[in-house]
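The structure appears below as structure tokens.
The values are calculated or read from the model by the stated rules, or taken from the named source; none is laboratory data. The structure presented is a predicted model; accordingly, all values stated were derived computationally and were not measured. Note that each Cβ is placed from the backbone with ideal geometry, even for glycine, and that neighbours are counted across all protein chains shown. In case anyone asks, the SASA skips ligands and DNA or RNA and just uses the protein heavy atoms, side chains included. Shrake-Rupley method; radii C 1.70, N 1.55, O 1.52, S 1.80 Å.
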Amino acid sequence: MSDQPISTRLAYRKINLQNGKEEVWLDRDGPNVVLHAGGSSSWKCCETEGCNGDAVARDSKCFLHTSDDAKKQYLASVLKRKSCLSFRGVKVNQELIEALMNSPVVMEKTFLVPLTFAGAEIEGVLDLKGYTFNRILVLNGAVIRNYISFDQTTFKEQFLAHHLLIGLPPSFNGTTFFDEVDFSYAEAGIGGGTLQFSNSTFHRAVSAKGMVGPLWLERCKFEGDLLMQGANASIINIKNCSVAGELDLKGMHCAAFRSNHLQAVGTHQIGPITVENDCSFNHATFGARVQLEVRAKSLNLSGAQFREGGYIKAEEARIYLSHVTTGRHLRIAGGMIKSEEPVIMSLQDADAGSMSFAHVDMSRCMFYGSHDLGEIVINASARFALTPPGHLKRRCIADEFAWRLHTKASKSTKWNLLGTEVVGDFQAQNEHEDIVSLPPLQASQVADVYRDLRRSFEGKGNGPGAADFYYGEMEMRRHDPERPLSERLILFFYWILSGYGLRASFAILWLIPLMIVGGILMSAFGFQNNCQPFVDGFVFTLRSIFPGLSHTTDLTLIGKVIEMGTKVLGTMLLALAVLAIRARVKR
């Protein structure tokens, strides 16, 4: 940037970016005008007072202010030498446009020479529908104040429009670009419109680095790279487009980003990007292994295809992964700051078995309906919902809350999950809201989900991590009305005595009264020598429970029965306690 004071600059404007700014202006350097727009270019200034146009005519005037004869001579000279037709710094009115369109440099809707409007102000209407530019078109640092149509236009050489100010957005429908296109630091939306390309084909790289304003790309084909690093846009919409090269969005900031049905065949890195609201790659296809880094309120990947897998790093976002397919491993992770961890909202009908999760909130994620759930990898840093107060503390999945909320006892047991709502079926779900819809599930369906999650943890050698999922599986089996009553009774006693072999405290709490009751009964009825002190009965019961501790006391028949009962029950409770401890510490 120049140290020249802003007050002395001509046609000065500032382009505000997320990480800095760009400046565009003209200044006089003796007889020359210098355009500062990402670099500098200069031309001899028109002698007309107040005009900054390029003095192309023999009378040292610009095309606008020279005589009609001088205009004809200049156009003939340009055509003969195939040199550049210059409107640099000129205020291009309708009269000048008519002179251009009726000149010999345009034949059968074809521009035969290079054309530059660098630093110009285009005030007239320009209809170029169906025209062909055989040579380069330059709009660097220009200002478009009126309507321009580039519909069905063909550009055989470069289209350069960096630092362009767009008052009334030009139309690009069915446009074909055979060479590079550069909209870097262009500023759109000044007149409330959107820079829009539809049904257009780009055979070479397209650059929109640092672009400011709304950009809409619909049904466009990019055979090279699409570069939008550092763009600061209100909204970017890339709908039904295909990008054969890289889609470079590094450092981009926008209010909303939508790329539904994007075909990103050769993209390897997207982001990091910051989106204030929703970021969508709905039904997008990534042909190469891709790393996607996004900070947004919402990240919708529903229906996306990751053919070679990849890595998704998200900050804060609510992530929707329903119907996601992946040919190889796909890792989804949040940042290391827990308050900013992303929330996984949906995995329905997704290839969960090819995914891994770390530093994410999975408390509202519905697992039922996802594929190959037994192969999923969930890091210990992932957070799940916990049971409500008054219940044994353990990790739960939203599927269990869905089942409990649809049972008659849901209100009394306070099984309510923050950020969810109860609906009647899957079709009522709305993925684009901050609320997860919990459909009715059967206990057997939730048990299947818990079983798959347990197997996944156990398959990775994380037995203790699988404990809560095993507990949830057994809970659902115990409550499943489709299972035989005998099985549910066995599960009931298994739960009440040891928390399904996972709660050593349960077994110990039952063992203590067993020893006390056994001691009382033994002291009263168990010894041949009539009643004995409670301490003797308690010690005897203790010896009978713990293996390896023998005794020589003569017992009555009742004593032998009591001994047998305490030995069987005590040994069983001890075994359950040991089993529970082992389940928590085994490798």
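Across the stretch 163-182, the residues whose backbone nitrogen lies under 20 Å from the label position 7 Å along the beta-carbon direction of LYS14 are 163-166. Taking a sphere under 12 Å around the Cβ of SER200 and counting the other residues whose Cβ falls inside, with K and R at +1 and D and E at -1, yields a net charge of -1. Per residue, the Cα convex hull of the stretch 173-326 amounts to 82 Å³. Could you tell me which of rounded, prolate or oblate describes the stretch 279-414, using a ≥ b ≥ c as the square roots of the eigenvalues of the alpha-carbon gyration tensor, with rounded for a/c under 1.5 and, failing that, prolate when a/b is larger than b/c and oblate otherwise? Taking the square roots of the gyration eigenvalues as a ≥ b ≥ c, the stretch 279-414 is prolate.
Length gain on complete extension for the stretch PHE493 to ASN93, per 0.36 nm per residue less the alpha carbon to alpha carbon distance? Please report the intermediate quantities before stating the final value.
Values: separation 400, 0.36 × 400 = 144.00 nm, distance 9.10 nm.
Result: 134.9 nm gained on full extension.
What ratio of Cα Rg to 2.2 N^0.38 Å holds for the chain? Could you put the intermediate results ahead of the total?
Numbers: Rg = 37.7 Å, N = 587, 2.2 N^0.38 = 24.8 Å.
That ratio works out to 1.52.
Is the C-alpha gyration tensor of the stretch 149-231 telling us rounded, prolate or oblate? Criteria: a/c under 1.5 is rounded; beyond that, a/b larger than b/c is prolate, otherwise oblate. Cα axes put the stretch 149-231 in the oblate bin.
Assign one of three labels to the stretch 272-330, namely rounded, prolate or oblate, based on the Cα gyration tensor with a ≥ b ≥ c the square roots of its eigenvalues; rounded applies when a/c is under 1.5, prolate when it is not and a/b is larger than b/c, and oblate otherwise.
Numbers: a/c = 2.22, a/b = 1.58, b/c = 1.40.
Prolate is the answer for the stretch 272-330, as a/c is 1.5 or above and a/b outweighs b/c.
To the nearest 10 degrees, how steeply does helix 534-545 sit against the main Cα axis of the chain, on a 0 to 90 scale? Compared with the principal axis, the helix lies near 60 degrees. Note on the chain: with charges restricted to the Cβ of Lys and Arg (+1) and Asp and Glu (-1), its dipole about the Cα centre is near 1440 debye.
With contacts taken as Cα pairs under 8 Å at a separation of at least 6 residues, the chain carries a relative contact order of 5 percent. Computed with every protein chain present, the accessible area of GLU98 is close to 90 Å² [probe 1.4 Å].
Which pairs, out of LYS44/LYS156; LYS61/LYS82; LYS44/LYS71; LYS297/LYS460; LYS109/LYS156, put more than 24 Å between their alpha-carbon atoms? It would help to have the intermediate numbers written out before the result.
Values: LYS44/LYS156 29 Å; LYS61/LYS82 21 Å; LYS44/LYS71 17 Å; LYS297/LYS460 32 Å; LYS109/LYS156 14 Å.
Too far apart for the 24 Å limit: LYS44/LYS156; LYS297/LYS460.
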